[in-house]
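The values are calculated or read from the model by the stated rules, or taken from the named source; none is laboratory data. Keep in mind that this is a model prediction, so the values were computed, not measured. Glycine also receives a Cβ, built like all others from the backbone with ideal geometry; neighbour counts cover every protein chain displayed. Keep in mind that these areas ignore ligands, DNA and RNA; they rest on the heavy atoms of the full protein, side chains included. Shrake-Rupley method; radii C 1.70, N 1.55, O 1.52, S 1.80 Å.
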Amino acid sequence: NHARLAIAACLVMTLIVGVGNQQDWINQWKSDYLTSVGEKLPITTDDSSLITLNTNSALAMNYTPDERRVNLLKGEAWFAVSPNDHRPFIVETNKGIVRVTGTQFNVRLTDKNAIVSLDEGQVILTSPNNSKDLPVMLTPGQQAMLSSDGISSPEIFDRTTVTAWLRGQFVFYNTPLADVVATLNRYRTGRIIITNPDLNARKVSGIFSTNEPDAALEMITQTFAVNETRITDYLILLK
């Protein structure tokens with residue numbers, strides 16, 4: 001039974017790696033800035049704006065005299081944009097567009113959406129995939145998601161949690177284990193897979209270092225008495 005499970009997990013891992021590598025080649029070709037797994041990169045632009053790329057992220061720049069446009073191809077980035085009323089700053093994603101003049105905000109891409117969290121200033125979200133969807137304006141402390149279905153209603157977000165990665169931390173407040181594992185997977189090479197669905201909804205709280213995702217995993221599995229099977233360092237099963 002364990003052998004079959006391991007073989008199945010390895011096949012899944014092979015498929016994930018294969019698709020991921022193909023996408024990475026595309027992103028490398030398109031991007032001007034890349035970060036590897038676990039890396040963080042500060043970028044100062046020619047207009048004195050600051051962009052910080054999080055782990056496993058890719059960004060393309062396209063500055064012109066009329067606008068400052070960047071394309072977040074994958075991953076996550078924090079933007080501290082220098083004010084300029086005559087030269088708007090535009091962040092493109094495959095789920096929609098964020099338009100600003102000067103502000104601070106975070107954008108994180110997932111498989112399904114782009115999560116925009118505004119700290120200071122004002123941003124306007126537009127969805128190019130749905131012409132009937134009206135633009136949505138965020139005010140400080142608000143967060144919304146861009147997706148193929150349109151733009152979600154703005155909601156209040158926890159700034160400490162969203163910006164924790166800038167300080168080299170994971171901050172979890174009653175976070176489902178499935179979401180915790182998804183976060184840890186962004187910061188380590190390989191894959192952690194939950195094979196027991198009953199574990200997905202278990203709530204995790206704590207502060208951990210982004211430099212040691214495996215140490216965070218060990219503490220979590222010990223706390224919840226979760227069985228961990230390490231096939232290799234690149235494939236860990238939780239059950």
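At a glance:
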item: One residue from 232, 210 being of a type in the set (S, T, N, Q), touching a residue at least 40 places away in the same chain (Cβ under 8 Å) and open to solvent by less than 60 Å² (accessible area, probe 1.4 Å); result: 210
item: Criterion: open to solvent by 60 Å² or more (accessible area, probe 1.4 Å) and polar (S, T, N, Q) - qualifying residue of 185, 227, 196; result: 227
item: The lone exception for residue 159 - which of (1) open to solvent by 50 Å² or more (accessible area, probe 1.4 Å); (2) over 30 Å from residue 80 (Cα atoms) it fails; result: (2)
item: Every pair of residues 6+ apart whose Cβ atoms lie under 9 Å, when the first sits in the stretch 61-87 and is within 11 Å of residue 107 (Cα to Cα) while the second is acidic (Asp, Glu) and at pLDDT below 95; result: 74/24
